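Asker: Quick one: the structure is below, questions incoming.
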Amino acid sequence: MSAALLSAEALRIGYRGTSMLPELSFAVAPGTVISIVGHNGSGKSTLLKTILGLTPKLGGEIRIRRDARLGYVPQRETMDPIYPVTVGELVETGRYGIRGVGRRLTPPDRARVREMLEATGTARLERRLFRTLSGGEQQRALLARALCAEPSVLVLDEPTASMDEKGAHEAMGLTLALARKHGAAIVMVNHFIDLVAEVSDQVIHLDRDHQRVTIGPPAEVLKGRGSQGRYSS
Amino acid sequence: MSEKLALFAASWELWRGAVAAGVVAGAVCGFVGIYVVLHRIVFVSAAMSQVSSLGVMLAFWLVQAQAIETAHHSEDILPLLFAALFTGVFSAAMAGHASARLSDRTKSSEAFIGSVYLLSSAALVLVGDQVTRGAHDVANILFGNTVIVDLPHLLLFAGVSLPIAVLHVWLRKDLLFVSFDPVMATTLGYPVTWLRVLLLVSLGMVISIGTRTIGALPVFSFSVLPPIAALALFENLRSSFWASAVIGALSAFLGYVTSFLLGLPTGASMAATAGVFLLVAKGLQRLRD
């Protein structure tokens, strides 16, 4: 069995047969953090969607270890506010994949939901409608849901979007602490260069204009890209 | 007025089939209509009604043209089969569209729904014009002016829609999940496309048989107005589902009685009663908020 939870080999991503980037290869080892950075339109979201199986790959391989499970934290803006879903109901859906279609949640499922609500500080919001929460609270509820799925790889799509740097550090601090506690690796898209440099084991930098993908330790990949600020989102 | 009520009660045996069909349609369409409203596919429901009506009318026309030989007893079944077939094909196409949009947001469902609605409406009028069963039958199907529903039709409608209602109660959380967050559902290994097909095809079956039984207008109204009213009254999904079913059933019953008392067309009366419930619910929502 491979040590990598998730790996990509000569992966080609894009739409309608047109590659957005050169082939890329990487591996996600247990407990590591991989950040995907790049400017708007560079292909970050497409890469994430391809990893998640939402967008078909154009070529190459994505391998997910047989016992690995993905947990996904989408951008909170993608949640349709028309649905009157409470925080408790939202977090419960993280268990649906484990339980399966047509099955009710069991007491252990409910215990896991409660544990994740408490771990993310959203237990007091359990009966509140998700759409009425602040951005930070919504992010924590989405994190609780992803962790409910007992993921071995946590995939985060811009978890700190529209947060200031302080808020982003706090949110990432909580995410990293919980991911480590539950033994999950992280693959994320993030715009804060300082934050990425601080928490990542590897960085995938996408440069669509120059058709270049750079993968390596943050000190190497982010060198010369400025230590302050953020990529445009 | 009281004399008319007494007359209505005295001749209850005549009306009870239509009232029961309306109540079943109101309750089931009201329940499944929550998905229609939340999933923002109101016009899918409208297009389904039109497609289904076209299927019925085409069956009438084929029988009339003797393109299909039918035994007398199958004359009633054929329109239902055509309605279900047309709606089934449309439902499957819609599910395919919705799934394709998950990976490619340039695909527009609205254009497809609008085209189907317009073309089936035009075809309905053109085919209806050729059917000698008369304008009365066309009006019954489109506007739901059916005053009497016989027992076999009622049993068929209930026999199809009630199991679908049970299925929807059983799979409520799963169907909601794939509607609310199909991306997350996909990453968790949920059969999103199949659940969507199930949702749309079951919706299509209720709408097609409901259209043949009580008409397109009330069926479309029950799948839209009670859910909007219920979602305005309650800010939680479980209560909204049940409230919508109750409002749909009440709209059908009160609408039918009103049509009898005031001599109004039944389908329009049921739809208007659902509209009154919606206005009251929106008023209460304003007071609450």
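Asker: Filter segment A:89-126 down to residues that are open to solvent by 10 Å² or more (accessible area, probe 1.4 Å) and of a type in the set (Gly, Ala, Ser) and give me whichever is nearest to A:VAL153 (Cα to Cα).
Answerer: A:GLY97
Asker: Go through (1) within 14 Å of another protein chain (Cβ to nearest Cβ); (2) more than 19 Å from the chain's Cα centre (by Cα); (3) within 30 Å of A:PHE26 (Cβ to Cβ) for A:THR93 and report which single condition fails.
Answerer: Exception for A:THR93: condition (2).
Asker: Filter segment B:167-181 down to residues that are within 9 Å of chain A (Cβ to nearest Cβ) and of a type outside the set (Asp, Glu) and give me whichever is nearest to B:PHE43 (Cα to Cα). Even if it seems obvious, please write down each step before you answer.
Answerer: Narrowing segment B:167-181 to residues within 9 Å of chain A (Cβ to nearest Cβ): B:170-171, B:173-174, B:176-177, B:179-181.
From what's left, of a type outside the set (Asp, Glu): B:170-171, B:173, B:176-177, B:179-180.
Details: B:TRP170: 26, B:LEU171: 23, B:LYS173: 23, B:LEU176: 19, B:PHE177: 21, B:SER179: 16, B:PHE180: 18 Å.
Top of the filtered list is B:SER179.
Asker: Report whether or not A:LEU206 is at pLDDT 85 or above and in the same structural domain as A:GLU77 (by TED's automatic domain parsing). Before you say what the answer is, go through the steps one by one.
Answerer: Working: at pLDDT 85 or above: yes; in the same structural domain as A:GLU77 (by TED's automatic domain parsing): no.
Against the criterion (at pLDDT 85 or above and in the same structural domain as A:GLU77 (by TED's automatic domain parsing)), A:LEU206 does not qualify.
Asker: Need pairs with beta-carbon distance below 9 Å; first residue away from chain B (no Cβ under 14 Å) and within segment A:114-129, second of a type in the set (D, E, K, R) and open to solvent by less than 10 Å² (accessible area, probe 1.4 Å); sequence gap 6+ or separate chains.
Answerer: That search, which allows pairs on different chains as well, returns A:MET116/A:ARG145.
Asker: Check whether at least one residue in segment A:126-133 is touching a helix residue (DSSP H, G or I) at 6+ places or on another chain (Cβ under 6 Å) and closer than 17 Å to A:ARG69 by Cβ, and report yes or no.
Answerer: Going residue by residue through segment A:126-133, those that are touching a helix residue (DSSP H, G or I) at 6+ places or on another chain (Cβ under 6 Å) are A:126, A:128, A:130.
Within this subset, residues satisfying the condition of being closer than 17 Å to A:ARG69 by Cβ are none.
Within segment A:126-133 (the criterion being touching a helix residue (DSSP H, G or I) at 6+ places or on another chain (Cβ under 6 Å) and closer than 17 Å to A:ARG69 by Cβ), the answer is no, since none of the residues qualifies.
Asker: Of all strands (runs of 3 or more DSSP E) completely enclosed by segment A:1-56, which ones contain at least 1 residues that are more than 21 Å from B:GLY189 (Cα to Cα) and among the β-branched types (Val, Ile, Thr)? Don't jump to the end; show me each part of the working.
Answerer: Values: elements: A:6-12, A:24-28, A:33-38.
Those strands (runs of 3 or more DSSP E) span A:33-38.
Asker: Can we say A:PRO84 is at pLDDT 90 or above, assigned to a loop (DSSP other than H, G, I, E, B) and open to solvent by less than 10 Å² (accessible area, probe 1.4 Å)? Spell out the reasoning first.
Answerer: On the way: at pLDDT 90 or above: yes; assigned to a loop (DSSP other than H, G, I, E, B): yes; open to solvent by less than 10 Å² (accessible area, probe 1.4 Å): yes.
Yes: the conditions hold for A:PRO84.
Asker: Could you figure out which of (1) part of a helix (DSSP H, G or I); (2) within 14 Å of chain A (Cβ to nearest Cβ) isn't true of B:GLY189?
Answerer: With respect to (1) part of a helix (DSSP H, G or I); (2) within 14 Å of chain A (Cβ to nearest Cβ), B:GLY189 is out only on (1).
Asker: Residues in segment B:21-38: is at least one over 22 Å from B:ALA252 (Cα atoms) and in contact (Cβ under 8 Å) with a residue 60 or more places away in the chain? Full working, then the answer.
Answerer: Within segment B:21-38, the subset over 22 Å from B:ALA252 (Cα atoms) is B:38.
Within this subset, residues satisfying the condition of being in contact (Cβ under 8 Å) with a residue 60 or more places away in the chain are B:38.
Yes; the residues of segment B:21-38 include at least one that is over 22 Å from B:ALA252 (Cα atoms) and in contact (Cβ under 8 Å) with a residue 60 or more places away in the chain.
Asker: Working only within segment B:19-70, note down all residues that are under 22 Å from B:PRO265 (Cα atoms) and within 14 Å of chain A (Cβ to nearest Cβ).
Answerer: none
Asker: Hey, another quick one. Output the number of residues of segment B:92-144 satisfying the condition of being surrounded by 14 or more Cβ atoms within 10 Å (Cβ to Cβ), modelled with pLDDT of 65 or more and not in a helix (DSSP H, G or I).
Answerer: 1
Asker: Suppose we filter B:SER223, B:SER208, B:SER259 for residues that are over 16 Å from the mean Cα position of the chain (by Cα), over 24 Å from A:ARG131 (Cα atoms) and more than 10 Å from chain A (Cβ to nearest Cβ); which single one remains?
Answerer: B:SER259
Asker: Hey, another quick one. Can you tell me which residue in segment B:47-80 is farthest from the chain's Cα centre (by Cα), limited to those that are loosely packed, with under 14 Cβ neighbours inside 10 Å and either closer than 30 Å to A:LEU54 by Cα or at pLDDT 75 or above (or both)?
Answerer: Residue satisfying both the conditions and the ranking: B:ALA65.
The values are calculated or read from the model by the stated rules, or taken from the named source; none is laboratory data. These numbers come from a predicted model, not from an experiment. All Cβ positions, even for glycine, are placed from backbone atoms using ideal geometry, and neighbour counts span all protein chains on display. Heavy atoms of the whole protein, side chains included, go into the accessibility calculation; ligands, DNA and RNA do not. Shrake-Rupley method; radii C 1.70, N 1.55, O 1.52, S 1.80 Å.
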